[in-house]
Amino acid sequence: MTAEQRLRRERVRMRAADRFAEGATDAQVAAEFRVSRMSANRWRRALEDGGREALVSKGAGGAVCKLDETRLAHLEAVLAQGPRAYGWPDQCWTLARIAEVIERMFHVGYTLGGVCYLLHRLGWSWQAPARRAAERDEEAIAGWKDEQWPIIKGWRRSRRRGSVLKTRPVRP
């Protein structure tokens, strides 16, 4: 969530605090601000326990990134070189491989989910390679489809009259 979105939500909570001070119920606040009753109840309890300070945004959630901006830029450069540069035989980066490279280069451990999150943060997305045999001959496949498949498939004719609709029986 961006800082602007957090600030907007904080403003909503403060307006809800004003409505609670006026005597509004949880249901009324929930309906007015289009939130669940559970959220309105949580806000009211926080207001009663800690005052308006309890409704202030606590900042961005989640764990702090283990890599600073320079290391993230270095990681991006490493990923751009491809996995062959780091000893893997093919050109597929996997989350496990990236986690291993991060461990080797920066001595920081990441889970596979953490690597996925980090890559999304860097603007990278996963891509599934097309699984095709190296020996695949596209011309031979196209020829087979044009010549052999129509023979195999053939035309099937029904021996009796029928209807294309399964719910409508044939009339004699």
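The values are calculated or read from the model by the stated rules, or taken from the named source; none is laboratory data. Small disclaimer: the values here were computed from a predicted structure and weren't measured. Cβ sites come from the backbone with ideal geometry, for glycine too, and all protein chains shown count toward neighbours. To get the accessible areas, we keep the full protein, side chains included, count just its heavy atoms, and leave off ligands, DNA and RNA. Shrake-Rupley method; radii C 1.70, N 1.55, O 1.52, S 1.80 Å.
Kindly check whether there is at least one residue in the range 120-132 that is modelled with pLDDT under 90, polar (S, T, N, Q) and either open to solvent by less than 100 Å² (accessible area, probe 1.4 Å) or in contact with a helix residue (DSSP H, G or I) (Cβ under 8 Å, 6 or more places away or on another chain) (or both).
yes
With the condition kept exactly as written, say whether any residue in the range 18-30 is open to solvent by 30 Å² or more (accessible area, probe 1.4 Å), under 29 Å from the mean Cα position of the chain (by Cα) and at negative phi.
No, the range 18-30 contains no residue that is open to solvent by 30 Å² or more (accessible area, probe 1.4 Å), under 29 Å from the mean Cα position of the chain (by Cα) and at negative phi.
Looking only at the range 32-87, how many residues end up being farther than 30 Å from E103 by Cβ, open to solvent by 80 Å² or more (accessible area, probe 1.4 Å) and in contact (Cβ under 8 Å) with a residue 12 or more places away in the chain? Step through it out loud before you land on a result.
Narrowing the range 32-87 to residues farther than 30 Å from E103 by Cβ: 32-58.
Now narrow it down to the ones that are open to solvent by 80 Å² or more (accessible area, probe 1.4 Å): 32, 34, 37-38, 42, 45, 48-49, 52-53, 58.
From what's left, in contact (Cβ under 8 Å) with a residue 12 or more places away in the chain: 32, 52.
The number of residues fulfilling the criteria is 2.
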